[in-house]
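Since every read-out is calculated from the coordinates, none of them should be taken as a lab result. Small disclaimer: the values here were computed from a predicted structure and weren't measured. As a convention, Cβ positions derive from the backbone with ideal geometry for all residues, glycine included, and neighbour counts pool all protein chains shown.
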């Protein structure tokens with residue numbers, strides 16, 4: 001039974017390739033519940049291999065939400081994610097189950113769990129185009145430095161290559177003098193939540209990442225990107241800018257060799273994992289498990305016992 005009126009939520013987070021998907025599915029089986037993806041790329045139809053999207057077989061009959069819900073041409077952002085994920089959390093709780101959020105997009109997970117309140121400043125197309133022109137002339141670093149002057153907090157949070165969000169942050173400030181998000185101090189979470197973090201020794205994680213990329217190439221990542229282009233997916237759409245797609249796209253457009261594209265993809269993914277861990281360090285409520293030291297089976301048992309105790313499950 002629930003201990004209060006807050007909706008319940010289990011989170012399994014951590015860097016890419018650490019084993020979140022496997023733990024989430026096994027735990028969902030044990031709890032007879034459903035999974036909500038916290039990944040910014042799994043929402044897109046047809047973006048399967050490069051996102052390590054779990055196949056229907058891998059999903060093992062567990063209902064997964066926020067996977068394959070958008071066309072590649074559609075925009076997706078943290079505000080939309082929070083809205084859709086919150087709806088699913090409410091629906092699953094109403095059916096007497098405890099949803100499991102599985103994901104590695106740090107801002108998405110943090111905004112949901114801590115119940116960020118986002119402003120609703122409208123867009124300014126002319127201003128965005130002006131910023132893009134500045135970037136084409138002076139480089140993305142120049143525009144990022146502009147953000148640093150007016151909103152240092154957002155500039156620290158946003159990588160220079162996360163250019164779409166850098167532009168949005170400047171746009172929000174330009175129109176309303178606001179920061180892109182209004183964060184609150186984490187005194188309480190937005191849910192009765194148990195958040196589990198998976199980690200492992202960095203060199204071993206990087207080895208897993210490199211191997212995963214090799215397997216993606218073997219599984220046909222190049223053909224997947226070719227197929228998307230042939231279907232009319234624009235090279236400059238948001239989804240094509242994701243890790244795994246922009247690197248292969250550069251190869252298909254004749255800009256680099258395949259070996260160079262693969263090496264770049266591995267490097268980009270390793271850097272992404274590092275950024276994920278930076279995000280997660282800002283979340284003091286995470287209970288961390290080292291996959292190497294504890295082992296998957298022990299983690300599974302420990303997590304299940306804690307959840308059963310927290311939520312008074314039989």
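Details
- Taking every DSSP helix (H) stretch of at least 4 residues in the chain, weighting each as -39,500 (n - 2.57) and dividing the sum by the residue count yields a mean residue ellipticity at 222 nm of -16000 deg cm²/dmol.
- Relative packing of peptides 61-70, 231-240 - highest average C-beta neighbours within 10 Å first: 61-70, 231-240
- Computed over the range 125-180, the Cα gyration tensor eigenvalues convert (square root of 5λ each) into semi-axes of 15, 13, 8 Å, ordered from largest to smallest.
- Footprinting exposure proxy for 163, 296 (fewest neighbouring C-beta atoms within 10 Å first): 296, 163
- Diffusion coefficient (Stokes-Einstein, Kirkwood radius over C-alpha pairs, 25 °C, 0.890 mPa s) for the range 55-121: 181 µm²/s, rounded to a whole number.
- Each residue in 195, 248 was given a count of other beta-carbon atoms within 10 angstrom of its own, and listing them fewest first yields 195, 248.
- Of 290, 48, the sequence from fewest to most neighbouring Cβ atoms within 10 angstrom is 290, 48.
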